[in-house]
1. Suppose R0 equals 56 Å; then what is the FRET efficiency for B:Gln191 and A:Thr47 from their Cβ-Cβ distance, rounded to the nearest 0.05?
2. In the protein assembly as shown, what percent of the accessible surface is made up of carbon and sulfur (1.4 Å probe, ligands and nucleic acids excluded)?
3. Taking every alpha carbon pair in chain A, what does the distance histogram look like in 5 angstrom bins from 0, in percent?
4. Counting pairwise Cα distances across the protein assembly as shown, what percent come out greater than 25 angstrom?
5. Taking beta carbons within 10 Å but only from partner chains, what does the mean come to for residues A:55-61?
6. Keeping all protein chains in place, calculate the accessible area per residue for the protein assembly as shown (probe 1.4 angstrom), answer in Å².
7. Residue by residue through region B:109-119, what is 3J(HN,Hα) from phi via Karplus (6.51 cos²θ - 1.76 cosθ + 1.60, θ = phi - 60°)? Round to whole Hz and write x for glycine and proline.
8. So if I place +1 on the C-beta of Lys and Arg and -1 on the C-beta of Asp and Glu, and nothing else carries charge, what would the dipole magnitude of the protein assembly as shown be about its Cα centre? I want it in debye, nearest 20.
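The values are calculated or read from the model by the stated rules, or taken from the named source; none is laboratory data. Everything quoted here is computed from the prediction, not taken from an experiment. Methodologically, a virtual Cβ is constructed for each residue, glycine included, from the backbone with ideal geometry; neighbour enumeration extends over all protein chains shown. Only protein heavy atoms, including side chains, enter the accessible area calculation; ligands, DNA and RNA are left aside. Shrake-Rupley method; radii C 1.70, N 1.55, O 1.52, S 1.80 Å.
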Amino acid sequence: MSLAKKYLSVLGLTVLALLAAPAARAQQVRVVKLPALQQLLQRPSDTTYVVNFWATWCKPCIEELPHFEQLRARQAAKPVQVVLVSLDFASKLDTKVRPFVQKQGLKSKVWLLSEPDQNAYIDAIDPKWSGALPFTLVYNNRRQHRQRFEQPLTLAELEAAVRAVQAP
Amino acid sequence: MKKSLLALLTLLAAVFTVSTAFRPAEGGYQVGDKVADFKLRNVDGKLVSLAGNAAAKGYIVVFTCNTCPYAKAYEDRIMALHQKFAAQGYPVVAINPNDPQVAPGDSYADMQKRAKEKKYAFPYLLDETQDVARAYGATRTPHVYLLQRSGSDFKVAYIGAIDNNTEDAKAATQHYVEDAVAQLQAGKPVQTSSTKAIGCTIKWKKKA
């Protein structure tokens, strides 16, 4: 191997490493079944959960994702947890969901609900949800407050919902 | 005494009227409800209403659109429903409720293009004011309302999904709409009269 080639390969590796760096900080996607999700929705702690249901194919969902990321960053020191639950098909995990999460560098927790029978799981998540995306639950089970939104939300609306469910 | 009682009742009636009048538009038709007829423009330029087809025993009304990936996933199945059931008296009526300002690609011209490309054998109507979607209580695409004739009216017999597997039609184990039509044809009540499904939110007009 000539010196020039060596330099080139080192340069190539460096570029690769640089490209991979922001991706490495993004969240891994956790694939879950309904019981794990229900456990999250019923967790009795004095933590405020913001659970957003989205999909890579859902345009209004993609447009509001930055609001959840901003909320997570602003509430990082407080007992507030943001979980983004993708309803993409499990078969799209490697082709769509993971690349999207990496590319966007999402810092919030990302789950993928791997359940094919929508009629079975929608009511189990929330009986008042029709199934339209995006859908967001903001709740604090210790304080017994829960709000649901079957529409895209602004950061201000999200923060207002968090304040509301944190009320004693 | 009688007069004051009457006054109280009148007041209560007034309060009740006011409170129901200000109820939000959510809800819409439930199974068993009689639907109001509509007059919507089809992709061929003609106006279509439920009363227009005297031979219909019912309709498979589907709120759908060009752009939603879940509506697209069901497009062939919607066409197959019409293929199978139109001759039996239950044709498909597809309605696009999306505001093209919010969802470019769902304009009337785009609807015409799609219907032509796929050779839709059923009407594909534009719900320009979104009044029909609101009256039905549709929230997403695709969203099915199976109607059954009752004299000159139509009643809702089933609300919900087409089947229970969006990704893979062949893997579906429940065919809600097909089963419901078959049960109506057999003079039986619809066993599963409402289901839920994931879909795209209807793109409502932005408030001015």
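1. 0.85
2. The C+S portion of the solvent-accessible surface of the protein assembly as shown is 57 percent.
3. 1, 8, 16, 20, 18, 13, 7, 4, 3, 3, 2, 2, 1, 0, 0
4. 62
5. Mean inter-chain Cβ contacts per residue within 10 Å come to 5.
6. 53
7. Here the 3J(HN,Hα) series is 5, 5, 4, 4, 4, 5, 4, 6, 4, 8, 6 Hz.
8. Around 740 debye, computed over the protein assembly as shown.
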